[in-house]
Every structure is written in structure tokens, then in C-alpha cells.
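What follows is a set of notes on a single structure, which appears directly below.
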Amino acid sequence: MKVKIKDIKANPNNPRVIRDEQFKKLVKSIQEFPEMLSVRKLVCTPDMIVLGGNMRLKALQSAGIKEVDVEIVDWDEQKQKEFIIKDNVSFGEWNHEQLANEWDAIELQDWGLELPVNVDVDYSEKNKEIDIDALDKQMTIKLNYTSDEYWIVKEQLSKIASTAEQAVWKLLGND
């Protein structure tokens with residue numbers, strides 16, 4: 001059911017906050033992909049107090065949206081509290097390897113996904129087990145990284161060449 005934004009009230013007991021940069025990303029997301037709102041409805045009490053979507057409500061107001069789809073639920077106070085928490089808990093984890101290989105990092109960041117930050121890391125200890133003298137004509141080198149380290153290495157290698165293999169080749173002094 002569509003409801004006027006001015007008739008919806010933010011939940012004064014909402015334990016979640018959104019910081020400036022994340023809020024700007026949310027507003028941008030809504031402006032660029034408003035169709036998402038029809039499948040990610042605000043969840044409200046019959047009194048139009050938001051149980052799920054308080055940050056979206058704030059972003060909708062900022063974006064100048066006048067109406068939004070809502071789902072009305074008539075739950076007791078305990079179930080409302082449970083919903084508020086469960087609706088905001090992230091049970092899953094991102095598969096950083098899949099994101100790195102199958103998704104565009106710039107798009108992911110534009111869509112609001114925070115990728116691990118670039119920091120200087122010394123990876124020399126991880127590579128000591130490679131015996132260069134024992135290499136065959138074609139070898140596979142396997143390096144183990146945490147998911148955060150993986151993104152950093154991938155980003156650094158992409159600055160050197162278009163593929164990881166080409167970047168390693170260049171780092172070894174070849175053109």
C-alpha cells in the first residue's frame with residue numbers, strides 16, 4: 001500500500017544510526033534505483049511508526065520522495081523489538097573472492113558496499129616458500145591471503161598490469 005511520506009513517523013526507539021557518508025550513499029541509491037523501494041517496503045505499525053526502514057525513511061525525505069510502499073504489521077511490543085533487531089542483523093558474509101573476480105569494484109562502491117581499504121602490507125614472508133630454481137616451464141603459484149588482504153593485493157596488481165599474471169611477470173623484471 002502506498003502512503004505519503006509525511007504520514008510516516010520514524011521510530012524514536014530505533015537503535016540504528018547512519019553516518020553522513022553512508023547516508024549520502026543511501027540517498028543516491030534511492031534516487032538512482034527507486035524501483036527497489038517497491039520490493040523493499042518500509043515496515044510500519046498501524047500507527048505508521050517505522051519498524052523496518054528508518055534510515056530509508058530519512059533518505060526518502062532527503063531525496064524529496066512523496067510516497068512509498070509500506071507493509072503494515074500489527075505486532076505486540078516484544079515482536080516489534082525482535083523484528084527491529086533481526087531486520088538489521090547481517091547474518092551472512094561477503095564472498096570477497098567472488099566479488100573481486102565477478103563484480104566491478106567501482107560499481108560495488110557506488111552501490112554502497114564498503115570494500116577493504118588499501119593499506120601497505122608486507123607480503124614477503126608469504127612468498128618465501130617459492131623455490132625459483134625448481135620452477136618448471138609452466139607453474140602455478142598459490143598465495144594464501146585473508147579476504148581483506150586479497151582485495152588489497154588485487155588492487156595493487158591491477159595498477160601494474162591488466163591481469164595478476166602479467167603484474168607478477170613485470171614485478172619479476174620482465175616486460
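The values are calculated or read from the model by the stated rules, or taken from the named source; none is laboratory data. Please read all numbers here as calculations on a predicted model, not as lab measurements. Every residue, glycine among them, receives a Cβ derived from its backbone with ideal geometry; neighbour counts consider all protein chains shown.
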Regarding region 23-41, can at least one residue be identified that is closer than 30 Å to residue 158 by Cβ, buried (at least 17 other Cβ atoms within 10 Å of the Cβ), in contact (Cβ under 8 Å) with a residue 24 or more places away in the chain and hydrophobic (A, V, I, L, M, F, W, C)? yes
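Residues checked against (1) surrounded by fewer than 14 Cβ atoms within 10 Å (Cβ to Cβ); (2) under 30 Å from residue 163 (Cα atoms):
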{"site": "44", "(1), (2)": "no, no"}
{"site": "48", "(1), (2)": "no, no"}
{"site": "64", "(1), (2)": "yes, no"}
{"site": "77", "(1), (2)": "yes, no"}
{"site": "81", "(1), (2)": "no, no"}
{"site": "91", "(1), (2)": "yes, no"}
{"site": "99", "(1), (2)": "no, yes"}
{"site": "106", "(1), (2)": "yes, yes"}
How many of the residues in region 151-175 are within 18 Å of residue 141 (Cα to Cα) and of a type in the set (Lys, Arg)? 2
Which numbered condition in (1) at pLDDT 85 or above; (2) outside any loop (DSSP other than H, G, I, E, B) is the only one that residue 167 fails? (1)
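Taking region 141-159 as the search range and keeping residues that are basic (Lys, Arg) and farther than 15 Å from residue 96 by Cα, which one is modelled with the highest pLDDT?
159
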Take residue 75 and tell me if it is at pLDDT 90 or above and of a type in the set (Phe, Trp, Tyr). yes
